[in-house]
Amino acid sequence: MIKQSLKIGLLTVLLGFINCDNKSNDKKLQTQSNQQQMTVTTETLKQVLNAFNRHDLDAIMEYFSDDCSFDFPRGPEAYGQRFIGKAQVREALAGRFKGIPDVHYGDDRHWVAGNMGVSEWTLIGTTTSGVKLNVRGCDLWEFRDGKITRKNSYWKIVER
């Protein structure tokens, strides 16, 4: 009887440890699942590019964090012109779509490594002043919690 009680007690303790361990594993799996949901992938960058090609500012801005920044390829500083925060980034992108109404990004490739990524593309379009564009460029991306915190754009300089 004592042996049987000890076995039951020991079994109860072991099951308690296993159950605690399962809760711990469940929590680990939940955390891993949350991290996977917050991870930017090459597919995410393709979706961002598709939103750019639709000129869909609402969809584009959903990918950006509230404290995001965008370094425009041209501007008065060595880094071009910097826009900080969703409102300024949205306004800058609206200006791009207004200045190049048929802008399209194609022939694209994307890479992601940790909290950084790269998109390479060809921009084609015609400015409102009639200048035709066909230029290679890239974006250097930074991410936090599944959102874009920085978009740093570069274009080739085409001389004719």
Members of the range 144-160 that are aliphatic (A, V, I, L, M) and surrounded by 13 or more Cβ atoms within 10 Å (Cβ to Cβ): ILE148
Filter the range 81-121 for residues that are among the polar types (S, T, N, Q) and more than 22 Å from VAL40 (Cβ to Cβ) and give the result. GLN81
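Let's see how each residue does on (1) among the acidic types (Asp, Glu); (2) in the same structural domain as GLY146 (by TED's automatic domain parsing); (3) modelled with pLDDT of 50 or more; (4) closer than 22 Å to GLY146 by Cα:
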| position | (1), (2), (3), (4) |
| --- | --- |
| LYS3 | no, no, yes, no |
| LEU49 | no, yes, yes, yes |
| ILE60 | no, yes, yes, yes |
| PRO76 | no, yes, yes, no |
| LEU93 | no, yes, yes, yes |
Residue count, the range 119-135, condition buried (at least 16 other Cβ atoms within 10 Å of the Cβ) and within 17 Å of LYS151 (Cβ to Cβ), comes to 3
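The values are calculated or read from the model by the stated rules, or taken from the named source; none is laboratory data. These numbers were taken from a predicted model, which means no experiment stands behind them. In this analysis, Cβ positions are derived from the backbone assuming ideal geometry, glycine residues included, and neighbour counts consider all displayed protein chains.
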